[in-house]
Amino acid sequence: MTQPSRDPRVLPHSPLIEAYLNDLEHALRGADPSERDEVLSNVREHITAVLELKDGPVTAKDVESVLAGLGSAAQLVGVLDYAAAPAPAAGVMRSAYRPLLEPSRWPGWVGYGVLAAGALSVPFLRFRTVWPLPAILLALLALTVGVIGSMAREGPGRRSYLVGALLGGLTLATLAAVLLGVVDDGVVLPMWTFPFL
Amino acid sequence: MHGTVHGMLPAGEGMLAQMRKGILEYCVLAHLKDNPSYGLEIASTLGANRNLFSSEGTLYPLLARLRKQGWLATTWRESASGPPRRYYSLTPGGVAALDAFGATWSEFRRAVDNALENQS
């Protein structure tokens, strides 16, 4: 059932371990992403290190013993309900609004929204001469939220914020350059101009 | 009536679970006061005392929360027997929090001891 690992750095393949980590990840879905990643990383390290101490091949019984020592996913997550919760910035802050004010706790779709806003702002440059507001608003949104999000987050989820901010910044810079006459609108941006404009 | 009241009394693990709230994180800070350490070592030491931790794994959410709180910092160090390990150490904020807890705890413990002694 459980295969011994030749490389001591690798977590042994075991359905029990996979199920345990899946349960834990699911139980931690409401936690801060950085906290969740850290807990999962530490638990993986714990399991690997304890199993390395076993003599001979790792058995299912060994795995069961390690997981029992760790405790259930519910036990682990239950600690977060009372452990040193970060104090709110203002005493009257409602808990429902706290995630909005903590970029590190923004749900994953916000990053994709920033990326979409940044990406949409670029084709809206086509309408810049008669209807520039959407391009400006989308670009400002992508740039502002993208910068805040990328500064507060780590890991793969940060990329969408960075790219969104970059695209928003590109749109705003292009609009500014055209409006200020730094670049020739007809020469630099022909691809964004409708034939009838 | 007597049976109902008796059934509501916290006992054993339930009582310990209540008493651990707000205290365990300071035990972790105290453990790290003099020397940085990594998860498994802390879990093995503190987790061995079942009065403190019901299971070794409950340490890890605490470590993550304390780091997020700014009371612990992490560094990676090479290990002689495996992959690099994440070492936790107290930040100045963690030292201050531990000192504040130590002062409060002394008063609190004295008050509880007095209450229990007066009862008996």
Practice prompt. Restrict the check to the range B:65-75 and report whether at least one residue is more than 15 Å from the chain's Cα centre (by Cα), part of a loop (DSSP other than H, G, I, E, B) and on the phi > 0 side of the Ramachandran plot.
Written response: yes
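Please go through the range A:39-68 and give me each residue that is of a type in the set (Gly, Ala, Ser), surrounded by fewer than 16 Cβ atoms within 10 Å (Cβ to Cβ) and within 12 Å of another protein chain (Cβ to nearest Cβ), ordered by number. Break it down into steps so the answer makes sense when it comes.
Taking the range A:39-68 and keeping what is of a type in the set (Gly, Ala, Ser), we get A:41, A:49, A:56, A:60, A:65, A:68.
From what's left, surrounded by fewer than 16 Cβ atoms within 10 Å (Cβ to Cβ): A:41, A:56, A:60, A:65, A:68.
The answer is A:Ser41, A:Ser65, A:Ala68.
Any residue at all in the range B:99-115 that is facing chain A (nearest Cβ under 10 Å), surrounded by 14 or more Cβ atoms within 10 Å (Cβ to Cβ) and either at pLDDT 90 or above or in contact with a helix residue (DSSP H, G or I) (Cβ under 8 Å, 6 or more places away or on another chain) (or both)? Quick ask: steps written out before the conclusion?
Our first condition is that a residue be facing chain A (nearest Cβ under 10 Å); within the range B:99-115, this holds for none.
No.
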Fill in: Single residue of B:Thr45, B:Thr58 found to be closer than 18 Å to A:Asn42 by Cα and either more than 9 Å from chain A (Cβ to nearest Cβ) or part of a loop (DSSP other than H, G, I, E, B) (or both)
B:Thr45
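Only one residue in B:Pro92, B:Pro36, B:Pro84 is surrounded by fewer than 14 Cβ atoms within 10 Å (Cβ to Cβ) and away from chain A (no Cβ under 13 Å). Which one?
Values: B:Pro36 fails: surrounded by fewer than 14 Cβ atoms within 10 Å (Cβ to Cβ); B:Pro84 fails: away from chain A (no Cβ under 13 Å).
None of the others qualify; the one that does is B:Pro92.
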Worksheet entry | Scope the range A:3-38; condition hydroxyl-bearing (Ser, Thr, Tyr) and either modelled with pLDDT of 90 or more or open to solvent by 20 Å² or more (accessible area, probe 1.4 Å) (or both); matching residues | A:Ser5, A:Tyr20, A:Ser34
Response to the item:
Note on the range A:69-81: residues of a type outside the set (A, V, I, L, M) and open to solvent by less than 60 Å² (accessible area, probe 1.4 Å) are A:Gly69, A:Gly71, A:Ser72, A:Gly78
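The values are calculated or read from the model by the stated rules, or taken from the named source; none is laboratory data. Remember, it's a predicted structure, so these values are computed and weren't measured experimentally. Reconstructed Cβ throughout: ideal geometry from the backbone, glycine too, with neighbour counts over all protein chains shown. For accessibility, only protein heavy atoms count, side chains too; no ligands or nucleic acids. Shrake-Rupley method; radii C 1.70, N 1.55, O 1.52, S 1.80 Å.
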